[in-house]
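**Q** Below you'll find the structure I mean.
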Amino acid sequence: MFGRPPIEERIAARQRERGELKPGSVFPHGPAKMLFFVSIGVVVVTHIIALCMYFVDAGPAR
């Protein structure tokens, strides 16, 4: 459309420009790595808080 190549060709060209992934590198994109670890941290902290509330909270007084 409008003289541009199809999206598949543009994606393939971008992947060719990027080159091979270095061995041992899982996250070549820095912000993606930060977002991944922050989200895992939030999940872990909320699970710990929920478990503490479950085992420590006595519930409503009678």
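The values are calculated or read from the model by the stated rules, or taken from the named source; none is laboratory data. All figures in this text were calculated on a predicted structure; none of them were measured in a lab. Here the Cβ positions follow ideal geometry from the backbone for every residue, glycine too, while neighbour counts run over all protein chains shown. SASA here: full protein model, heavy atoms, side chains in, ligands and nucleic acids out. Shrake-Rupley method; radii C 1.70, N 1.55, O 1.52, S 1.80 Å.
**Q** Quick check: pseudo-label points 7 Å beyond the Cα along Cα→Cβ at LEU35 and ILE7, how many nm apart are they?
**A** 1.7
**Q** Within the stretch 16-42, which residues have the backbone N less than 18 Å from the label spot 7 Å out from LEU51 along Cα→beta-carbon, could you tell me?
**A** Under 18 Å, as judged by backbone N against the label point of LEU51, lie 40-42 of the stretch 16-42.
**Q** Taking a 1.4 Å probe, which of ARG4, ARG18, ARG10 shows the most accessible area, and what order do the others take after it?
**A** Heavy-atom accessible area, descending, gives ARG18, ARG4, ARG10.
**Q** Still on this structure, please answer the following. What is the Cα radius of gyration of the chain over 2.2 N^0.38 Å, N being its residue count?
**A** 2.18
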